[in-house]
Amino acid sequence: MNDHVHKYNEFYFLLEGAAKYFINNEIITVNSGEVAFVKKGYIHKATYDYGSSSKRLLVNFTSEFIGEQYWGLVKELGNKKFISFNQEESHKISSIFQEIYSSL
């Protein structure tokens, strides 16, 4: 994946595998069950080990979509860069997104 920038925020949820994620001059390792957060306007890029499999889910949203009441949480996530979930939480999140995807 090439370096790129968006006019919206992005949640990068790694369902399986591992990735190195470049976010605004910082490199973090994202493992299965973790979510990286990219603020709008940040340069970012994901790389994967050659020959390894991975499965990811991207959710892009504008600041207006998330609403003022949750914007503090989104800012906090941006400072952390990533969130880790246990296996049960990861499965629940995956199921929610699968349901959304199948309804499109």
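The table below lists the values:
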{"quantity": "Residue satisfying condition, being β-branched (Val, Ile, Thr) and in contact with a strand residue (DSSP E or B) (Cβ under 7 Å, 6 or more places away or on another chain), within set 35, 5", "calculated": "35"}
{"quantity": "Index of the failed condition, residue 14 passing every other in (1) more than 23 Å from residue 94 (Cα to Cα); (2) in contact with a Gly (Cβ under 9 Å, 6 or more places away or on another chain)", "calculated": "(1)"}
{"quantity": "Residues within the stretch 13-28 that are in contact (Cβ under 8 Å) with a residue 24 or more places away in the chain, within 22 Å of residue 41 (Cβ to Cβ) and of a type in the set (A, V, I, L, M, F, W, C), tallied", "calculated": "5"}
{"quantity": "The stretch 15-68, residues that are of a type in the set (Gly, Ala, Ser) and under 22 Å from residue 99 (Cα atoms)", "calculated": "17, 32, 33, 36, 54"}
{"quantity": "Cross-chain or 6+ apart pairs with Cβ under 9 Å, the stretch 45-65 first and under 21 Å from residue 94 (Cα atoms) and among the hydroxyl-bearing types (Ser, Thr, Tyr), then open to solvent by less than 60 Å² (accessible area, probe 1.4 Å) and not in a strand (DSSP E or B)", "calculated": "48/17; 48/54; 52/17; 53/17; 54/17"}
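The values are calculated or read from the model by the stated rules, or taken from the named source; none is laboratory data. Only a predicted model underlies this, so the values are computations on that prediction, with no experimental measurement involved. We place every Cβ from the backbone using ideal geometry, glycine too, and count neighbours over all the protein chains shown. All accessible areas refer to the heavy atoms of the entire protein, side chains included, with ligands and DNA or RNA removed. Shrake-Rupley method; radii C 1.70, N 1.55, O 1.52, S 1.80 Å.
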